[in-house]
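Taking it in order: structure first as structure tokens, then the write-up.
The values are calculated or read from the model by the stated rules, or taken from the named source; none is laboratory data. As the structure is a computational prediction, the values presented were derived from the model and not from experiment. As a convention, Cβ positions derive from the backbone with ideal geometry for all residues, glycine included, and neighbour counts pool all protein chains shown.
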Amino acid sequence: MCSHYEAPDPEHLFNVYGSIPGHKYKLDLWPGYTGPFLRQRLPERQDEDASQVEVTAGIYGLLPHWAKDTKLARRTYNARSETVAEKKSFRSAWAQGNHAIVLARAIYEPDWRSGIAVPTRITRRDCGLMGIAGLWDRWTGPDGEETLSFCMLTVNADQHSLMKLYHRPDDERRMVVILPNGCHQDWLKAKPEDSWDYMRQYPADRLQATPATSTSR
């Protein structure tokens, strides 16, 4: 499960997608922080001359409409693909096909093989951005202001040659769903009933891991 990751800077987003989120965001992200993500441009926002992919920002941790406050984001930043369709926090976004891509330079996981958690920075071996499959939702706060939020989807990694090395010895190994570059548009446009087709492990030989120097908030 991923609770900590690095987002690309606005300049990088503009160079790749031609736009940046309308809200400021942090580059070092934890649940509850605001970060960038991609989604299919909504019908009312579509324009013949504009990209059909929208770069926006929201709270890391999905906030369904019934959330009382943003504190729920601390528990809804990852969604298990096996149960996402039934879990109260995620089932509406999954059923509606609210697909997002969470952009990350790197993710962090704890390496417990020494008996002590060693924060580890995991990146793509080619140094490209990770496009992580996720969901987004809208939430209206007590003040009436609408807020976007997002989460990352995860799959079992007990047999993944790299990601099985992380987390506590007795815990199930999990990993986020990193999409191949060629699948990004397809995931954003996929119908809800086709969502499960994208829940796959990213090849271990395309990732690399190094001990992190710092993971402080």
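Miscellaneous remarks
- When residues of the range 117-157 are limited to those that are charged (D, E, K, R) and free of Cβ contacts under 8 Å to residues at least 40 places away in the same chain, the one farthest from H23 (Cα to Cα): D143
Conditions tested, residue by residue: (1) modelled with pLDDT of 95 or more; (2) surrounded by fewer than 18 Cβ atoms within 10 Å (Cβ to Cβ); (3) part of a loop (DSSP other than H, G, I, E, B).
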{"site": "A50", "(1), (2), (3)": "no, yes, yes"}
{"site": "T76", "(1), (2), (3)": "yes, no, yes"}
{"site": "A79", "(1), (2), (3)": "yes, no, no"}
{"site": "E82", "(1), (2), (3)": "yes, yes, yes"}
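- Residues within the range 1-32 that are more than 23 Å from R173 (Cα to Cα) and not small (G, A, S), tallied: 18
- Residue in the range 162-170 that is charged (D, E, K, R) and under 18 Å from Y198 (Cα atoms) present: no
- When R138, R168 are screened for being surrounded by fewer than 21 Cβ atoms within 10 Å (Cβ to Cβ) and part of a loop (DSSP other than H, G, I, E, B), only R168 passes.
- Residue that is surrounded by the most Cβ atoms within 10 Å (Cβ to Cβ), among those in the range 84-116 that are among the small types (G, A, S) and free of Cβ contacts under 8 Å to residues at least 40 places away in the same chain: S89
- Tally of residues being small (G, A, S) and at pLDDT below 95 across the range 129-156: 2
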